[in-house]
Every structure is written in structure tokens, then in C-alpha cells.
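The values are calculated or read from the model by the stated rules, or taken from the named source; none is laboratory data. Since the model is a prediction, treat every value here as computed from it, not as a measurement. Glycine gets a Cβ as well: all are built from the backbone with ideal geometry, and neighbour counts include every protein chain shown. The accessibility values were calculated without ligands, DNA or RNA, using every heavy atom of the protein model including side chains. Shrake-Rupley method; radii C 1.70, N 1.55, O 1.52, S 1.80 Å.
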Amino acid sequence: MQQQIRKKSLGSDSLYIDEMKHLQLYSTLSLKMVEDRLLINADFSDEFMKENRLIQPFFYVTIYARGGERVRLIDEQTTAIYNLFKSNFSTSSYQQLIQFAMRHSKQFRHKAN
């Protein structure tokens with residue numbers, strides 16, 4: 001039986017990421033002159049995992065050559081996909097994630113601070 005994928009767009013009052021630790025690159029895909037896509041594992045607190053009913057989450061970050069980025073949180077175990085916005089992160093957590101992605105990106109390393 002095939003599981004159905006659930007996509008959710010989250011507003012500022014849902015799923016707030018204040019802290020994440022041990023970011024680890026899992027996989028990358030680079031489309032030259034278009035975008036880089038990165039799968040990034042992170043450790044979240046047990047409280048965060050229980051509160052948001054997550055089992056095995058990871059970030060799916062897309063960095064666009066024309067500027068900007070998109071962040072999704074995918075829970076591999078439940079097949080839920082969460083479209084995240086800057087408002088879903090503390091400022092430091094968002095910057096930490098994007099800077100990590102830029103440093104590990106094939107096309108955008110030179111832009112990482």
C-alpha cells in the first residue's frame with residue numbers, strides 16, 4: 001500500500017525552530033546556473049520532536065542562482081513535508097542553516113560568510 005505524502009505550509013504560529021545542533025550534509029544536487037539542493041540532517045530537542053510529532057526529520061534546502069532560498073522540513077518516517085518560512089526560525093537558527101547550506105553548496109561556496 002502506498003503512503004500518501006502530506007504537504008503543509010506553516011505560518012508563524014506553527015513549528016518554531018529555535019535551536020538545532022550538529023548539522024550534517026546528507027546529499028547535494030547542483031543544477032548549474034540554476035540552483036543547488038541540499039539534504040541536511042540536524043539534531044532537534046526531544047521536546048521539539050514530541051510537540052510537532054516528528055520522527056525522522058531533515059531539511060531540504062534549495063538555493064537559487066537568481067537569489068533567495070527555500071527551506072522545507074521533511075519527516076521521512078511520516079512522509080510529511082513542511083514548507084518553512086523565515087518566521088518559523090529564530091534569526092540565528094535560520095542564518096546557521098543557510099550559511100551551512102552555502103558552505104556545502106557546489107555553486108555558492110564563494111558567497112558564504
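Scanning segment 15-53 for residues that are among the polar types (S, T, N, Q) and in contact with a Ser or Thr (Cβ under 8 Å, 6 or more places away or on another chain) yields THR28, SER30.
So, in segment 1-32, of the ones that are outside any strand (DSSP E or B) and at pLDDT 90 or above, which residue ends up nearest to THR91 (Cα to Cα)? Walk me through it before giving the result.
As a first pass, look at segment 1-32 and keep what is outside any strand (DSSP E or B): 1-5, 10-16, 18-20, 32.
Now narrow it down to the ones that are at pLDDT 90 or above: 16, 18, 20, 32.
Details: TYR16: 11, ASP18: 8, MET20: 12, LYS32: 29 Å.
Going through the qualifying residues, I end up with ASP18.
For LEU54, state whether it is part of a strand (DSSP E or B), open to solvent by less than 20 Å² (accessible area, probe 1.4 Å) and closer than 12 Å to LEU15 by Cα.
Values: part of a strand (DSSP E or B): no; open to solvent by less than 20 Å² (accessible area, probe 1.4 Å): yes; closer than 12 Å to LEU15 by Cα: yes.
No; evaluated as a whole, the condition is false for this residue.
Residue pairs whose Cβ atoms lie under 8 Å apart, separated by 6 or more positions or on different chains, with the first residue in segment 46-64 and under 16 Å from SER27 (Cα atoms) and the second open to solvent by less than 90 Å² (accessible area, probe 1.4 Å) and of a type in the set (Ser, Thr, Tyr), are ILE63/SER105. Of all residues in segment 15-42, those satisfying the criterion of being farther than 17 Å from HIS104 by Cβ and either open to solvent by less than 40 Å² (accessible area, probe 1.4 Å) or of a type in the set (D, E, K, R) (or both) are LEU15, ILE17, ASP18, GLU19. When the residues of segment 57-70 are narrowed to those that are of a type in the set (Phe, Trp, Tyr) and either more than 19 Å from TYR16 (Cβ to Cβ) or open to solvent by less than 40 Å² (accessible area, probe 1.4 Å) (or both), which ends up farthest from the chain's Cα centre (by Cα)? Looking at the filtered set, the residue picked out is TYR64.
Does at least one position in segment 85-99 carry a residue that is in a strand (DSSP E or B), in contact (Cβ under 8 Å) with a residue 24 or more places away in the chain and in contact with an Asp or Glu (Cβ under 9 Å, 6 or more places away or on another chain)?
Yes, some residue in segment 85-99 is in a strand (DSSP E or B), in contact (Cβ under 8 Å) with a residue 24 or more places away in the chain and in contact with an Asp or Glu (Cβ under 9 Å, 6 or more places away or on another chain).
Residues that are of a type outside the set (D, E, K, R), over 10 Å from the mean Cα position of the chain (by Cα) and part of a strand (DSSP E or B) were ranked within segment 71-84; the one that is surrounded by the most Cβ atoms within 10 Å (Cβ to Cβ) is ALA80.
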